[in-house]
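The structure under discussion appears below in the form of structure tokens.
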Amino acid sequence: LNQGKGYAIRTGCLSAQGDLILIADADMSTPWEEFFKLAKPVLNNQYQISIASRSVKSSQISTRQPWYRESMGKIFNLILRTLTGLPFKDTQCGFKLMKRKATKSVWPTLKVNRFAWDVEFLMISSLYQCQTCEVGVVWNHKDESRVHPIKDSFEMLMSVLKIRIRILLGHYFIKS
């Protein structure tokens, strides 16, 4: 039973045992070697979370997305930054590295099971005072994407609105 990307990632991160957790898209659009770029600020204890970005100046896009996907992604990110206050230019790049101890309280509180899991994770991590940096990476578009540009973008927008409401209602903090 496919319960969604967010559900699968949350389940894996809750089961992780190592000091670091790396999340990578199955299509490997970000090559494994880019791990070292993400690791540097985390291992130097500057940040607890390091996210890959296709939108910062140091990123290198070898194979671009079709123009309509790229445009929709930029528009979505602008709306997302307006609604959430997140400063990141690219929350949806599927390559993220984090310290397990720093994020262990975040994972059990998350609720989004599909594509907006990244936004929820970043928003709630900031509530838990996790410092996050955005790192430019090499990235290659793969045509196998399962993200439907219209339907999934709308669903992600609705998820972001639900996250904002849950934050306002205090749903994300674990009661001691």
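Quick notes
- Translational D in µm²/s for the range 58-100 (Stokes-Einstein at 10 °C, 1.306 mPa s, Kirkwood Rh from C-alpha pairs): 132
- Per residue, the convex hull around the alpha carbon atoms of the range 1-90 comes to 154 Å³.
- Of the DSSP H helices in the chain, those whose Cα atoms cover at least 18 Å axially and whose Kyte score averages -0.5 or more: 67-84, 151-168
- Alpha-carbon Rg with Dmax, taken over the range 77-135, Å: 11.0, 31
- Ligands, DNA and RNA left out, the 1.4 Å accessible surface of the range 1-98 is 56% carbon and sulfur atoms.
- Overall form of the range 14-60 per C-alpha gyration tensor (a/c, 1.5; a/b vs b/c): oblate
- Of all DSSP beta bridges in the chain, antiparallel share, percent nearest 5: 45
- Simple spin-label estimate for Y128 and S71 in nanometres, 7 Å along Cα-Cβ: 3.9
- Considering only N77, N113, N45, the mean-square fluctuation computed in a Gaussian network model of the chain, springs between alpha carbons under 10 angstrom, is largest for N45.
- Take every pair of alpha-carbon atoms less than 8 Å apart whose residues are at least six positions apart; their mean separation over the length of the chain yields a relative contact order of 37 percent.
- I79-L168 pseudo-label distance in nm [points 7 Å out on the Cα-to-Cβ vector]: 1.8
- Choice from Y47, Y128, Y68 with maximal GNM fluctuation in the chain (Cα, 10 Å cutoff): Y68
- A Cβ-based charge dipole, computed about the Cα centre of the chain with Lys and Arg at +1 and Asp and Glu at -1, lands at about 500 debye.
- Value of [θ]222 nm, deg cm²/dmol, for the chain, DSSP H segments ≥ 4, -39500 (n - 2.57) each, nearest 500: -12500 deg cm²/dmol
- Divide the volume of the convex hull around the Cα atoms of the chain by the residue count and you get 124 Å³ per residue.
- Cα-Cα over 27 Å, subset of K101/K151; K57/K162; K104/K142; K5/K104; K89/K111: K101/K151; K57/K162; K104/K142
- Highest GNM mean-square fluctuation among K111, K142, K99, for the chain modelled with Cα contacts below 10 Å: K142.
- R69 sits with roughly 50 Å² accessible to a 1.4 Å probe, with DNA, RNA and ligands left out of the calculation.
The values are calculated or read from the model by the stated rules, or taken from the named source; none is laboratory data. All of these numbers come straight from a predicted model, not from anything done at the bench. As a convention, Cβ positions derive from the backbone with ideal geometry for all residues, glycine included, and neighbour counts pool all protein chains shown. Accessible surface areas use protein heavy atoms only, side chains included; no ligands, DNA or RNA. Shrake-Rupley method; radii C 1.70, N 1.55, O 1.52, S 1.80 Å.
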